[in-house]
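Undergrad: Shown below is the structure under consideration.
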Amino acid sequence: MTNSAVMVKNEYLQEVINKVKEKCGFEPEFIQAMEEVLTTLEPVVQKHEKEYKDIALLERLTEPERIISFRVPWLDDNGKVQVNRGYRVQFNGAIGPYKGGLRFHPSVNQSILKFLGFEQIFKNALTGLPIGGGKGGSDFDPKGKSDNEIMRFCQSFMTELQKYIGQDVDVPAGDIGVGAREIGYLFGQFRKIRNSYEAGVLTGKGLEYGGSLVRTQATGYGLLYFMREMLKANGQNLNGKTVIISGSGNVAIYAAEKAYEFGAKVLGMSDSNGCIYDENGVNLDIIKEIKEVKRGRIKEYLNYVPNAIYSENSGSVPAVYKIKAEIILPCATQNDINLETAKILVANGAIAVGEGANMPTTPDAVEYFIQNKVLFAPGKAANAGGVATSALEMAQNSMRYSWNYDEVDQKLDGIMTNIFKNCEKAAKEYGYEGNYVVGANIAAFRKIAKAMRAQGVI
Ligand code: NDP
């Protein structure tokens, strides 16, 4: 049911999938995400086929409302002009202003941003908050750039992007390569050009200028709140469990922090070069120092803990997934866990996987986990805590007021618990008890479909 290779029986659904594949053949990541979602919606589509077909609901759902692509010229420290490409995919605004992060990474292209924007529609619907789906970014590589270069790039990027966003239109946030520093530069340029203090136009802002407490921690913490609920519903808990986490960025660090709070032990973390294994539990203060302060490589962990082991990535299985653990938290990038990796993880005794990243697991690997009774928390539900807290940041900006740490954290916990319960309920209602992939897609889709239908053919 989760495998994109599976043919669906419903003719309308299959026709839409075929058409999108034909039209977007050059966008593999988008096709993967679209197929994963659409195939799981078959029971709902079957029930409402005529209604959806008459208003081309699925055709509209899979076509972004708008894609903006633009030139981003900037001066490097040698006075040389560099040129990158910027994008914003405004995928679906039926539920609220487009909302989704900006990714700065050399791999960024239209396919990746369409996959992320498509996923975001569903994720945002699951939060229960009024936000539509969008995503953006650039093929700019922040690695090795000076602070001034980052600032000049962000200013040039925003000079163009500001034409298309606004607190009631489209509200970007961070993603890979875009953290508090970049959001600060982007916000400054927006404010200068518009001569208007629209705090709600970007989220992930610093606390001094409209940011929300807990936003930095939200995606990682939210992932663990979801994991706690999923384990609880299956008679388990995190206390004493061993954990491995791919990545060592924003999501990974705060996932690890909450995992420790829940009594688990993080044995390994990684970056795109390789992973560290620390049998005593990875020391998060050191990881924060390396990644948040020095912006260095995870290998430097050995300078602090000589007894830890560093393994460089090679082959198709990232080194971190060779560490034996019960809870697996992919928090780096898409398609990080393939079938080969999934087999190793299952053989090593994994009991649960929680996707902190977007689409880190390939469809055949998801299928393998589910078949082998490994609890599986899909990203669009499990990592929704970041965007949910972004929406809470927007709410605070609108009220010109801020909630304290515990208030935001409790709201985040409540939202994640609710998302889990909705996924669980939708899965059960359609005969897929315990399959939270199907549950998440159906729960989100029903809401989006109703909003789109109510607003007519637009
Ligand atoms: P960061 O830029 O803070 O960290 C990304 C981490 O992933 C780094 O450790 C990075 O290593 C690693 N990584 C990135 N690309 C690759 C790659 N191609 N192969 C292996 N490792 C890689 O990003 P975030 O933590 O914000 O985002 C991580 C994931 O979580 C992404 O999938 C993002 O879409 C998703 N997400 C983020 C949210 C947020 O609030 N930030 C919300 C919901 C989802 P290196 O430094 O070597 O590049």
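Bear in mind these aren't lab numbers, they're just calculated from the coordinates by the rules spelled out. Every value quoted in this text rests on a predicted model; they were computed, and no experiment measured them. Here the Cβ is made from the backbone with ideal geometry for all residues, glycine too, and neighbour counts use every protein chain on show.
Undergrad: Label the chain by shape, choosing from rounded, prolate and oblate, from the square roots a ≥ b ≥ c of the eigenvalues of the Cα gyration tensor; if a/c is under 1.5 it is rounded, and otherwise prolate applies when a/b is larger than b/c, oblate when it is not.
TA: rounded
Undergrad: Still on this structure: Among rounded, prolate and oblate, which fits the range 52-94 when a ≥ b ≥ c are the square roots of the eigenvalues of its C-alpha gyration tensor, a/c under 1.5 means rounded, and a/b larger than b/c means prolate?
TA: Prolate, because a/c is 1.5 or more and a/b exceeds b/c.
Undergrad: Farthest toward the dipole's positive end in the range 1-86, which of 7, 17, 46, given Cβ charges of +1 (Lys, Arg) and -1 (Asp, Glu) about the Cα centre?
TA: 17
Undergrad: If the viscosity is 1.002 mPa s and the temperature 20 °C, what translational diffusion coefficient in µm²/s does Stokes-Einstein give for the range 123-201 when Rh comes from Kirkwood over Cα pairs?
TA: In µm²/s, the coefficient is 158.
Undergrad: Report the calculated FRET efficiency for residue 372 and residue 335 (r = Cβ-Cβ distance, R0 = 22 Å), to the nearest 0.05.
TA: That gives a FRET efficiency of 0.65.
Undergrad: Output ³J(HN,Hα) for the range 212-222: one whole-Hz value per residue in order, computed from phi by the Karplus curve 6.51 cos²θ - 1.76 cosθ + 1.60 with θ = phi - 60°, and x for Gly and Pro.
TA: Rounded to whole hertz, the list is 10, 4, 6, 4, 4, 7, 4, 5, x, 4, x.
Undergrad: Expected output is a single nm value to one decimal: the length gained when fully extending between residue 192 and residue 364, i.e. 0.36 nm times separation in residues minus the C-alpha distance. What is it?
TA: 57.1 nm is the gain from fully extending residue 192 to residue 364.
Undergrad: Another question about this same structure. Given charges of +1 on the Cβ of Lys and Arg and -1 on the Cβ of Asp and Glu, with all other atoms neutral, how large is the dipole of the range 72-127 about its Cα centre, in debye to the nearest 20?
TA: 160
Undergrad: Just to verify a number: FRET efficiency for residue 280 and residue 400, C-beta to C-beta distance, R0 = 41 Å, to 0.05?
TA: The formula returns an efficiency of 0.30 here.
Undergrad: Applying the Karplus parametrisation 6.51 cos²θ - 1.76 cosθ + 1.60 with θ = phi - 60° to the phi angles of the range 423-436, what ³J(HN,Hα) value in whole Hz is obtained for each residue in order, glycine and proline being reported as x?
TA: 5, 4, 5, 5, 4, 5, 4, 9, x, 10, 3, x, 9, 7
Undergrad: Could you calculate the contour length gain from residue 207 to residue 78, that is, 0.36 nm times the residue separation minus the distance between their Cα atoms, to one decimal place in nm?
TA: 43.1 nm
Undergrad: Sort 176-182, 35-41, 282-288 by packing, meaning the average of other beta carbons within 10 Å per residue, with the highest value first.
TA: Put in order of decreasing packing, that is 35-41, 176-182, 282-288.
Undergrad: From Cα pairs below 8 angstrom and at least 6 apart in sequence, can you work out the relative contact order of the chain, rounded to a whole percent?
TA: For the chain, the relative contact order is 15 percent.
Undergrad: If you don't mind, there's one more thing I want to ask. Using the charge dipole of the chain (Lys, Arg: +1 at Cβ; Asp, Glu: -1 at Cβ; taken about the Cα centre), state which of 293, 158, 426 has its Cα farthest towards the positive end.
TA: Final value for the positive-end residue is 158.
Undergrad: What's the center-to-center distance, using Cα atoms, between the range 241-290 and the range 77-105 in Å?
TA: Centre-to-centre (Cα) distance: 29 Å.
Undergrad: Placing +1 on the Cβ of each Lys and Arg and -1 on the Cβ of each Asp and Glu in the chain, which of 57, 256, 385 has its Cα farthest towards the positive end of the resulting dipole?
TA: Of the options given, the answer is 57.
Undergrad: Which percent, nearest 5, of DSSP beta bridges in the range 1-146 are antiparallel?
TA: Beta bridges within the range 1-146, antiparallel portion: roughly 75 percent.
Undergrad: How big is the antiparallel share of DSSP beta bridges in the chain, given as a percent to the nearest 5?
TA: 55
Undergrad: Something else about it: So how far apart, in nm, are the two label points at residue 22 and residue 410 if each is 7 Å from Cα heading toward Cβ?
TA: Computed distance between label sites residue 22 and residue 410 equals 5.5 nm.
Undergrad: Rounded to the nearest 20 debye, what is the charge dipole size of the chain about its Cα centre when +1 sits on each Lys and Arg Cβ and -1 on each Asp and Glu Cβ?
TA: Computed charge dipole of the chain: roughly 640 debye.
Undergrad: Can you work out the FRET efficiency for the pair residue 457 and residue 49, with r the C-beta to C-beta distance and R0 = 25 Å, to the nearest 0.05?
TA: 0.90
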